[in-house]
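The values are calculated or read from the model by the stated rules, or taken from the named source; none is laboratory data. These figures come from a predicted structure and were not determined experimentally. Cβ sites come from the backbone with ideal geometry, for glycine too, and all protein chains shown count toward neighbours. Please note that ligands, DNA and RNA were not included when accessible areas were found on the heavy atoms of the full protein model with its side chains. Shrake-Rupley method; radii C 1.70, N 1.55, O 1.52, S 1.80 Å.
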Amino acid sequence: MNKALKNAGGASVDGRLLLSMHRTMLRIRHFEETIRRLAASGAVPGLVHLCAGQEATNVGIIAALEDRDFIASHHRGHGHCIAKGAPVEGLMAEILGKASGMCGGRSGSMHVIDMERGNLGTNGIVGGGIPLAAGAALAARARGSDDVCVCFFGDGALNQGLLHECMNMAAIWKLAVVFVCENNGYGEFTAIDDVTAGPSLPGRGEVFGIPSEMIDGMDVQAVYAAARKAVDYARAGHGPSFIICNTWRFGGHHVGDKQEYKDDEETRAWRLRDPLLRSAKALSAAGIVSEEAIAQMEQDAISEMAALADGVRNGSEPAAQTLLEHVYG
Amino acid sequence: MPQMNLAEALIDGLIWSLRADPRATIIGRGIAGHGPEHAAEDRLKQEFGSRIIDPPTSEAAVAQLGTGAAMAGARPFVHYGTAVFAYEAWNQFINEAANIHYMSNGQLSAPVTFHLFHGIRGGGGPQHSGSPYAMYANNPGLEIVLPTSPRDAKGLMRSAMASNNPTIVIQNAQLLGLTEDVPAEDYSIPFGKAVVKRDGRDVSVIACSRSVIDALEAADILEKEGLSVEVVDIRTLAPLDVDTIVASVEKTGRMVAVDETYEICGVASELIASVVTRAFSALKTQPVRVGRPMTPVPFSPPLEAAVNPGTQKIVDACRRACKR
Ligand SMILES: Cc1ncc(C[n+]2csc(CCOP(=O)(O)OP(=O)(O)O)c2C)c(N)n1
Ligand SMILES: [Mg+2]
């Protein structure tokens, strides 16, 4: 069983914001679906980790940031990239290793870096982004800026010493970092409870005096509300916060993982909590847009992503003579 | 004799080790990888489930926990999966485990085995394709084992688990499916004994890990051109069997050193240095080095292929060494 809390009601946000968050979540969902298809057909080199199911944590957090703020992501990071504004065609091309990819096909899904939008990168190393984010916050402080940096990491990274070392430093130096754990209940094929001790995950931040909370990561409004608080707190110079978003990856650890280690009942229950169903319901219940308009938004997202696939797939490969470029700057 | 793939043979070697020594324990899962050979691990779980623990993602601590357990009398086998994850445990491998015996003036040893999958694996990109064994070899106190066949994997694993030193068993993940007849009974293969995998007259290809397989393929290709290639698999990088290497080069008079680690300060460089400083006069032509060029491993498949010191590069190197 996951250490998930039941949804504690959910804050409500401005209708226009909710609509735009819903649209971004839809774009992420269907971007991932397109990647899944491409991977299943053999077009994606290596292993690819999809974030379908976790869109609310990606989008709700990043919606509370300004363009100038930073994020550091992890191996399940396409949603973070898109929420921070990455061009989806360049992202897709990177995941396929193409010359037109955001990193020229050098990095692939796990190391997409997008400095134009303050994205320090997805990261192939569990916990790798955490110190980078703390470092970016240190740099912001040094240049007298109030830019905020969010680091995303999975529940697996909770047990990397680096997280605790960085929380300590962020707390003593009051760095403008928001630590965001996307707790999807599993690290690879291992359930969180089998490897993670203690009665309280927020307790892991509280020991450093860091305001810490666990929230329903399937509710984009709740995620946004928690992020708003943490980002404002950091920007005001008070220091770090720690948010644990309980969520669920709908797919396997990577495309091709059959998830035999998961319990079917649990999977069904989480499926019913799909963050997209939730925000669609909130949008129509509040009369912000009609159900038809919501359905149209989804169609638009599907068409946008599906339309890219063939072009990206047939894109050119990086040229051999570029091999040794950028080893040194 | 049963047929085993390399993953099954590794597991078989481990099973014999656990049967032989009640102090042996396993930390980690996915020992046979997560690819098509993964089920080989099931036998180990069935027979020794109670001696296996699945650790959190805490590589640095796990390495040193294994070392501490070894110092206190256990014989842990610590599995890392992709070798680069053990970069987190750099200090623990190099500065703790490797130094214990020396620092204690021989009072203590740290008989821990670290197990890693290295190398270009297809789409691993810059952060998942590392081959750190040349860096490990630059530190005294570690034994480094690079199995390239199921038979060797079983016998070398057995020796690793019996060794009193911290030992790194590291193999290219793409070799896990190699299959051959493997003796069913318990046996070990000693460290420091290279093996001539193929006899030849014109040029010696000295290789390890994945490059041995590529070199054998290259030898087949060159045979059709009338070049007779000898292939030597060093099997263990530390200790290194320089005698067998030198004997081969003395026989053929030409040398190609090939390995997946970086060209600069890599294994191929060391192999050439060990021959040149011992048997310079045996060389009729300049030795040729084949390694990974000095760039992170790119994600793009064609760029990745360009950094891989594969069969074609070995073929070209042999032609150069033989002035063809
Ligand atoms: C240092 C390190 N150790 C191990 C791995 C292998 N690995 C890749 S993803 C993963 C699980 C991560 O789980 P979690 O942090 O919960 O993220 P999730 O995949 O669930 O999103 C592991 C162990 C790695 N990439 N880096
Ligand atoms: Mg997880």
Q. Among the candidates A:Gly217, A:Gly252, A:Gly256, which residue alone is more than 14 Å from chain B (Cβ to nearest Cβ) and either over 23 Å from A:Ser145 (Cα atoms) or within 16 Å of ligand 1 (Cβ to nearest atom) (or both)?
A. A:Gly217
Q) What number of residues within the stretch A:11-40 satisfy the criterion of being open to solvent by 30 Å² or more (accessible area, probe 1.4 Å) and under 17 Å from A:Asp257 (Cβ atoms)? A) 4
Q: Collect the residues in the stretch B:96-127 that are of a type in the set (Ser, Thr, Tyr) and either open to solvent by less than 20 Å² (accessible area, probe 1.4 Å) or under 16 Å from the mean Cα position of the chain (by Cα) (or both), keeping them in residue-number order.
A: B:Ser104, B:Thr113
Q) Does at least one position in the stretch A:193-206 carry a residue that is within 13 Å of chain B (Cβ to nearest Cβ), within 12 Å of ligand 1 (Cβ to nearest atom) and either of a type in the set (Ser, Thr, Tyr) or under 19 Å from A:Gly79 (Cα atoms) (or both)? A) yes
(Q) Checking A:Asp264 against (1) open to solvent by 80 Å² or more (accessible area, probe 1.4 Å); (2) free of Cβ contacts under 8 Å to residues at least 40 places away in the same chain; (3) within 14 Å of chain B (Cβ to nearest Cβ): exactly one of these is not met. Which one? (A) (3)
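Every residue in the stretch B:68-81 that is farther than 18 Å from B:Val145 by Cα and surrounded by 23 or more Cβ atoms within 10 Å (Cβ to Cβ), please.
Filtering the stretch B:68-81 for residues farther than 18 Å from B:Val145 by Cα gives B:68-74.
The answer is B:Ala70, and nothing else.
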Q) Would you pick out the residues in the stretch A:171-192 that are buried (at least 24 other Cβ atoms within 10 Å of the Cβ) and within 16 Å of ligand 1 (Cβ to nearest atom)? A) A:Phe179, A:Val180, A:Cys181, A:Glu182, A:Asn183, A:Asn184
Q: Please enumerate the residues belonging to the stretch A:63-80 that are away from ligand 2 (no atom under 16 Å from the Cβ), open to solvent by less than 10 Å² (accessible area, probe 1.4 Å) and closer than 21 Å to A:Leu19 by Cβ.
A: A:Ala64
Q: May I ask you to list the residues in the stretch B:82-95 that are more than 9 Å from chain A (Cβ to nearest Cβ) and open to solvent by less than 20 Å² (accessible area, probe 1.4 Å)?
A: B:Ala83, B:Ala86, B:Ala89, B:Phe93
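Which of the residues spanning the stretch A:310-329 are in contact (Cβ under 8 Å) with a residue 60 or more places away in the chain and farther than 16 Å from A:Cys103 by Cβ? Give the derivation first.
Within the stretch A:310-329, the subset in contact (Cβ under 8 Å) with a residue 60 or more places away in the chain is A:311-313, A:315-319, A:322, A:326.
Passing the criteria: A:Gly311, A:Arg313.
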Q: Have a look at A:Tyr233, A:Tyr224 and point out the one that is part of a helix (DSSP H, G or I), at pLDDT 95 or above, under 19 Å from the mean Cα position of the chain (by Cα) and hydroxyl-bearing (Ser, Thr, Tyr).
A: A:Tyr224
Q. A:Asn168 passes all but one of (1) open to solvent by less than 50 Å² (accessible area, probe 1.4 Å); (2) more than 9 Å from ligand 1 (Cβ to nearest atom); (3) polar (S, T, N, Q); which number fails?
A. (1)
Q: Tell me which residues, restricted to the stretch A:289-321, are within 13 Å of chain B (Cβ to nearest Cβ) and open to solvent by less than 30 Å² (accessible area, probe 1.4 Å).
A: A:Gly315, A:Pro318
Q | Residue under evaluation B:Ser204, criteria (1) in contact (Cβ under 8 Å) with a residue 60 or more places away in the chain; (2) crowded, with 24+ Cβ neighbours inside 10 Å, criterion not met | A | (1)
Q. Identify, please: which residue in the stretch B:35-51 is within 13 Å of chain A (Cβ to nearest Cβ) and under 18 Å from B:Val169 (Cβ atoms) and is, among those, most open to solvent (accessible area, probe 1.4 Å)?
A. B:His38
Q: Restricting attention to the stretch A:83-127, report how many residues are open to solvent by 20 Å² or more (accessible area, probe 1.4 Å) and within 16 Å of ligand 1 (Cβ to nearest atom).
A: 3
Q) Within the stretch A:135-165, how many residues are surrounded by fewer than 16 Cβ atoms within 10 Å (Cβ to Cβ) and within 14 Å of ligand 2 (Cβ to nearest atom)? A) 0
**Q.** the stretch B:48-68 residues that are outside any helix (DSSP H, G or I), paired with ones that are surrounded by fewer than 16 Cβ atoms within 10 Å (Cβ to Cβ) (beta carbon under 7 Å, 6 or more apart)
**A.** B:Ile52/B:Lys45; B:Asp54/A:Asp194; B:Ser58/A:Gly161
Q: Specify which of the listed residues (B:Phe280, B:Phe299) is more than 21 Å from the chain's Cα centre (by Cα), closer than 27 Å to B:Gly124 by Cα and not assigned by TED's automatic domain parsing to the domain that holds B:Ala137.
A: B:Phe299
**Q.** Inter-residue pairs, beta-carbon under 8 Å, first farther than 17 Å from A:Phe153 by Cα and in the stretch A:52-75, second part of a helix (DSSP H, G or I) and open to solvent by 10 Å² or more (accessible area, probe 1.4 Å), 6+ apart
**A.** A:Ala63/A:Leu17; A:Ala63/A:Ser20; A:Ala63/A:Thr24; A:Ala63/A:Ala83; A:Ala63/A:Tyr224; A:Ala64/A:Tyr224; A:Ala64/A:Arg228; A:Asp67/A:Arg117
Q | Leading residue by the ranking (nearest to the chain's Cα centre (by Cα)) among those in the stretch B:69-81 that are part of a helix (DSSP H, G or I) and either small (Gly, Ala, Ser) or within 14 Å of chain A (Cβ to nearest Cβ) (or both) | A | B:Ala70
Q. When you scan the stretch A:120-144, how many residues do you find that are in contact with a helix residue (DSSP H, G or I) (Cβ under 6 Å, 6 or more places away or on another chain), away from chain B (no Cβ under 11 Å) and closer than 24 Å to B:Ser300 by Cβ?
A. 1
**Q.** Check on B:Thr295, open to solvent by less than 40 Å² (accessible area, probe 1.4 Å) and of a type in the set (Val, Ile, Thr)
**A.** yes
(Q) I need every pair where a residue in the stretch A:150-170 that is within 14 Å of chain B (Cβ to nearest Cβ) and under 13 Å from A:Ile244 (Cβ atoms) has its Cβ under 8 Å from the Cβ of a residue that is hydroxyl-bearing (Ser, Thr, Tyr) and more than 16 Å from ligand 2 (Cβ to nearest atom), sequence separation at least 6 or different chains. (A) none
Q) Quick check, is B:Pro140 more than 15 Å from ligand 1 (Cβ to nearest atom), open to solvent by 30 Å² or more (accessible area, probe 1.4 Å) and at pLDDT below 95? A) no
